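Peer 1: Please find one structure pasted underneath; my questions will follow.
The values are calculated or read from the model by the stated rules, or taken from the named source; none is laboratory data. Bear in mind that the values here come from a model prediction, so they are computed numbers and not experimental data. So basically every Cβ, Gly included, is an ideal-geometry build from the backbone, and we count neighbours across all protein chains shown.
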Amino acid sequence: MRSRTVLIALVAFVLATAAACDSNKANRSSSAAPTQTTAHPAEHEGATGAAAPGSPTELGAQFEQLLGQHALLAVRQMRGVVAGQRDFREAADAALQENTDALSRLVASAYGDANGDRFKQLWQRSITDLDAYADAVANNDAAAEQAARTALVADSDAYGSWLAEAADGRVEAGDAPNDLRVHVEHLMKQVEAYAASKYDQAYEIERQAYEQLFMVGAPLAKGSLTPKLAARLDAPPEKLRSAFAMLLGEHMELIIDAQRATFGGSPEFKAAAAQVNANTTVLTKAMGAIVGPQKASEFQSAWGNHVEGLLAYSTAAADKDEAAKAAAEQNLDGFAARLALYFSDIVRNVLPVEPLTKAISAHDTHLVGQVDAYAARDYGKAQEMERDGYQQMLGVAGTLVGAIQRTVKPGLPVGGSQTGGGGTARPAR
Amino acid sequence: MTQGRRRALAVLAALALLAGCSTSGARQAEPSRATSSPTTAARTAGGVEAARGFRSARGYRATPIPVRLDIPRIQVTSSLDRLGRARDGTVEVPSRWEVAGWYALGPRPGDPGSAVILGHVDSRSGPAVFYRLHRLRPGDEIVVTRADRSRVRFVVQRTEQYDKLRFPTDEVYYPTLTSTLRLVTCGGQFDPTTGHYRSNIIVFAGIKT
């Protein structure tokens with residue numbers, strides 16, 4: 001029962017990934033943030049619990065996704081400053097601005113247009129100060145570092161004051177500034193480590209920064225909701241969706257890090273790859289929580305082939321070896337076909353092999369396209385593919401949890417337990 | 001153009017060049033930092049060689065099953081039976097009054113997810129293994145020993161009583177990626193007509209970090 005459930009969930013994940021790949025361009029505008037509106041989500045008290053656009057769970061999911069993405073884009077932008085990569089930095093700046101615009105629209109949809117404007121002002125100021133910090137680190141300018149640090153602490157406090165007012169008491173007074181302080185500390189520490197060539201530390205902190213800011217998404221959404229609506233974000237299925245969205249988004253981003261680090265030195269690649277493996281380990285354990293240890297092991301093996309295949313392609317791309325690229329793509333196709341057979345077999349052929357194979361291949365194509373663009377120094381396109389690939393994960397997690405909901409829940413024990421004989425019975429325990 | 005003017009322009013050009021160098025000198029002095037940029041073959045070589053040797057995480061090892069439960073605060077020490085689902089869809093309960101049981105179709109303690117351990121509050125004649133479970137309070141420690149003798153510690157977050165007709169199935173059994181533990185027994189009023197208690201006592205605990 002559990003294995004069947006897991007496999008169906010995995011298959012759903014793969015299908016969702018492929019579907020997202022196919023509809024990338026069509027969804028591009030909608031994947032950013034909802035259209036600006038003055039309607040407060042709390043007004044939709046009577047809405048269904050489904051994650052339709054504008055629902056509390058959708059709002060939380062979009063905040064999580066955009067905030068997690070902000071952390072990663074900021075990390076890369078700051079490293080671009082330290083490394084003096086002008087072309088890359090321009091692309092990173094543009095991606096960061098696009099993310100800020102989307103976040104501001106989302107804030108406006110949740111808290112009203114005036115708060116959207118105020119948020120954008122605060123957020124952009126903190127990005128400017130992060131940029132200044134990275135610049136100070138790059139130039140070994142201690143005084144400028146201190147000035148930027150002081151400015152970032154002030155930014156955190158200003159953000160906290162803004163949110164406390166915007167949320168009208170729905171968030172703890174100290175939480176918001178603290179969340180942002182932790183975030184800027186992560187970003188400062190990672191760029192210091194990166195500049196000192198302490199790549200293990202830099203990439204580990206990057207992962208922490210992503211997870212920390214991703215998890216700020218739910219509280220930010222809750223601040224705009226009535227307690228009753230906010231409680232929907234704490235429901236177990238929603239928490240599971242959120243956790244998988246975080247891990248799958250992280251997988252996508254860490255693969256991209258490793259792909260790009262293939263073009264760098266050995267220590268940096270190893271540091272990036274270590275975080276890819278850390279994510280795989282956590283993801284495997286997460287799958288184990290749903291499907292049990294044996295199927296978790298099978299998942300890890302299949303996932304490992306997927307990851308190794310993608311990095312083999314990156315190696316070939318860095319080598320500019322067209323024959324090796326073609327061979328790597330062929331291997332990826334083989335992995336996809338075998339994975340499809342595996343999934344189909346596990347679900348007893350309920351799902352046919354052919355569409356499964358296409359779905360897995362479409363997912364691979366997305367990451368292959370990213371590294372091709374990076375190798376060609378078309379950083380704008382590489383960032384675009386990064387954004388699209390990352391945004392897919394929201395739908396993936398939703399589909400995954402939807403499948404789990406349909407298949408796992410009926411298998412859970414029904415009702416309470418009869419764990420008493422009555423020998424010590426008394427009126428009330 | 002006069003010779004003097006040419007000299008002046010040359011000096012200005014040199015100054016401009018120097019100024020340009022100085023503004024970007026700090027970064028250009030350390031080109032090795034631009035490690036992720038596909039700029040030079042020398043830089044690429046190291047990353048490519050490392051990538052060639054990359055191996056994904058494999059060799060997943062299942063967490064050993066739980067074999068013993070200790071709750072110092074209420075003097076509980078028990079081995080653990082394995083429990084599944086009964087034919088009617090309800091959770092199986094331990095066959096012995098004095099021994100608790102682990103719901104083996106769910107996560108293992110310490111793994112992501114809610115591990116569930118059940119025990120009887122009493123037998124037909126007196127107290128059973130979870131007789132004092134309702135006394136657990138936030139901060140109390142629960143220790144689970146696994147088959148390899150490793151221990152995982154949990155801390156009580158809250159203790160609640162639920163009518164069995166409103167048992168919080170999702171909160172107890174629904175998959176989560178957080179490592180948690182749920183202890184379940186009976187509580188509330190005993191219904192002599194059915195021979196069962198009307199409520200369940202549930203202890204919610206999180207892993208001790």
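Peer 1: Give region A:325-337 a look and list any residue that's free of Cβ contacts under 8 Å to residues at least 24 places away in the same chain and closer than 15 Å to A:Q259 by Cβ, or say none.
Peer 2: Of everything in region A:325-337, those that are free of Cβ contacts under 8 Å to residues at least 24 places away in the same chain and closer than 15 Å to A:Q259 by Cβ turn out to be A:K325, A:A328.
Peer 1: Can you name the residue in region B:167-207 that is assigned to a strand (DSSP E or B) and without any contact (Cβ under 8 Å) to a residue 40 or more places away in the chain and, of all such residues, is surrounded by the most Cβ atoms within 10 Å (Cβ to Cβ)?
Peer 2: Among residues in region B:167-207 that are assigned to a strand (DSSP E or B) and without any contact (Cβ under 8 Å) to a residue 40 or more places away in the chain, the one surrounded by the most Cβ atoms within 10 Å (Cβ to Cβ) is B:N200.
Peer 1: Pick from A:R89, A:R79, A:R125, A:R105: which is within 14 Å of another protein chain (Cβ to nearest Cβ), within 24 Å of the chain's Cα centre (by Cα), surrounded by fewer than 24 Cβ atoms within 10 Å (Cβ to Cβ) and in a helix (DSSP H, G or I)?
Peer 2: Sole residue among the options that is within 14 Å of another protein chain (Cβ to nearest Cβ), within 24 Å of the chain's Cα centre (by Cα), surrounded by fewer than 24 Cβ atoms within 10 Å (Cβ to Cβ) and in a helix (DSSP H, G or I): A:R89.
Peer 1: How about region B:104-146: which of its residues are more than 7 Å from chain A (Cβ to nearest Cβ), outside any loop (DSSP other than H, G, I, E, B) and surrounded by fewer than 22 Cβ atoms within 10 Å (Cβ to Cβ)?
Peer 2: Passing the criteria: B:R135, B:E141, B:V143, B:T145, B:R146.
Peer 1: Does region A:347-363 include one or more residues that are among the charged types (D, E, K, R), within 22 Å of A:H251 (Cα to Cα) and at pLDDT 80 or above?
Peer 2: no
Peer 1: Would you check if B:T77 is among the polar types (S, T, N, Q) and at pLDDT below 95?
Peer 2: Judged against the criteria, B:T77 is not a match.
Peer 1: Moving on. May I ask you to verify whether A:Y111 is within 17 Å of A:G160 (Cβ to Cβ), in contact (Cβ under 8 Å) with a residue 12 or more places away in the chain and hydroxyl-bearing (S, T, Y)?
Peer 2: Yes.
Peer 1: Given the options A:A83, A:A132, name the one that is closer than 30 Å to A:Y374 by Cα and modelled with pLDDT under 95.
Peer 2: Residue meeting the stated conditions: A:A83.
To keep it simple, each residue is scored yes or no on (1) touching a residue at least 12 places away in the same chain (Cβ under 8 Å); (2) in contact with an Asp or Glu (Cβ under 7 Å, 6 or more places away or on another chain).
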site: A:Y194; (1), (2): yes, no
site: A:K198; (1), (2): no, no
site: A:Q208; (1), (2): yes, no
site: A:L220; (1), (2): yes, no
site: A:L225; (1), (2): yes, no
site: A:R241; (1), (2): yes, no
site: A:M246; (1), (2): yes, yes
site: A:A261; (1), (2): yes, yes
site: A:G264; (1), (2): no, no
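Peer 1: How many residues does region A:192-249 contain that are charged (D, E, K, R) and modelled with pLDDT of 95 or more?
Peer 2: Within region A:192-249, residues that are charged (D, E, K, R) and modelled with pLDDT of 95 or more number 7.
Peer 1: Sort out which residues of region A:174-202 are under 20 Å from the mean Cα position of the chain (by Cα) and over 26 Å from A:A136 (Cβ atoms), and write them in order of number.
Peer 2: Result: no residue meets the conditions.
Peer 1: When region B:73-95 is examined, which residues are found to be under 13 Å from A:Q418 (Cα atoms) and in a loop (DSSP other than H, G, I, E, B)?
Peer 2: Those that are under 13 Å from A:Q418 (Cα atoms) and in a loop (DSSP other than H, G, I, E, B): B:A86, B:D88, B:G89, B:T90, B:E92, B:V93, B:P94, B:S95.
Peer 1: Something else: Hey, among B:T193, B:T178, which residue is more than 7 Å from chain A (Cβ to nearest Cβ) and under 26 Å from A:A235 (Cβ atoms)?
Peer 2: B:T178
Peer 1: For A:G217, which of the numbered conditions (1) small (G, A, S); (2) over 20 Å from the mean Cα position of the chain (by Cα); (3) crowded, with 21+ Cβ neighbours inside 10 Å fails to hold?
Peer 2: Against the list (1) small (G, A, S); (2) over 20 Å from the mean Cα position of the chain (by Cα); (3) crowded, with 21+ Cβ neighbours inside 10 Å, A:G217 comes up short only on (2).
Peer 1: Shifting gears a bit: Check off (1) in contact (Cβ under 8 Å) with a residue 40 or more places away in the chain; (2) assigned to a helix (DSSP H, G or I); (3) within 24 Å of the chain's Cα centre (by Cα) for A:V171 and give me the number that stays unchecked.
Peer 2: (2)
Peer 1: (1) facing chain B (nearest Cβ under 7 Å); (2) part of a helix (DSSP H, G or I): which one isn't true of A:G264, the others all being true?
Peer 2: Every condition holds for A:G264 apart from (2).
Peer 1: Another one. So which helices (runs of 4 or more DSSP H) stay within region A:175-240 end to end and still have 2 or more residues that are of a type in the set (F, W, Y) and within 14 Å of chain B (Cβ to nearest Cβ)?
Peer 2: Qualifying helices (runs of 4 or more DSSP H): A:199-215.
Peer 1: Residues that are in a loop (DSSP other than H, G, I, E, B) and at the interface with chain A (Cβ under 10 Å from one of its Cβ atoms): does region B:147-166 have at least one?
Peer 2: no
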